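The values are calculated or read from the model by the stated rules, or taken from the named source; none is laboratory data. Keep in mind that what you see is a predicted model, and the values were worked out from it rather than measured. To get the accessible areas, we keep the full protein, side chains included, count just its heavy atoms, and leave off ligands, DNA and RNA. Shrake-Rupley method; radii C 1.70, N 1.55, O 1.52, S 1.80 Å.
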Amino acid sequence: MDWAALITWVLTAGGGFVLFTIWLRNGGMEQRGSQRIRPAIILTHFGLAATGLVLWIVYVASDSTAVAWIAFVLLLIVALIGFAMFGIWLSQRRGRGGDVAASTDQPAEQRFPIAVVGLHGLLAATTLVLVFLATIGVGS
């Protein structure tokens, strides 16, 4: 279970890195406004996710239950932030009738491919479940 969680976490991170790169390339760090995903939110999500992944690798190498719980709690916070960002992203798409390509003042996150957003979310949810199960000792 530990390794399955690690593999899904790495795959999730890969999707997140793709989204983060798209966001940066499209001016995400410079964007302002209440209906946009602010840089602090994305950077916090990214940083906590990376920290949690490193801790999970340490857990897999050391089998320390305390490290596993810390990684899980971080991942839970990351998931909550991610769900909030998904809500902002989705409300942007709905607010523009789904036709965001016509806007000249398009938020950077509206350039995210829908398939990547969906896959990232699905892998993230799977990772959260696998990390929890591994942390409580299922499959050990």
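Based solely on C-alpha atoms, express the radius of gyration and the Dmax of segment 38-99 in angstrom.
15.3, 50
Rounded to whole Å, give me the distance from the Cα center of segment 121-136 to that of segment 33-74.
About 13 Å separates the Cα centre of segment 121-136 from the one of segment 33-74.
With the other protein chains left in place, how much accessible area per residue, in square angstrom, belongs to the chain at a 1.4 angstrom probe? Numbers along the way, then the final one.
Working: 7640 Å² over 140 residues.
With the other protein chains kept in place, the chain gives 55 Å² per residue.
Could you work out what % of the accessible surface of the chain is carbon and sulfur, using a 1.4 angstrom probe and leaving DNA, RNA and ligands out of the count? Please report the intermediate quantities before stating the final value.
Details: 5430 of 7640 Å².
Answer for the chain: carbon and sulfur cover 71 percent of the accessible area.
Keeping all protein chains in position, work out how much accessible area R38 exposes to a 1.4 Å probe, and write it in Å² to the nearest 10.
Near enough 120 Å² of accessible area.
Regarding the chain, what are the three Cα extents along the principal axes, ordered largest first, in Å?
The Cα atoms of the chain stretch 52, 23, 20 Å along the principal axes, largest first.
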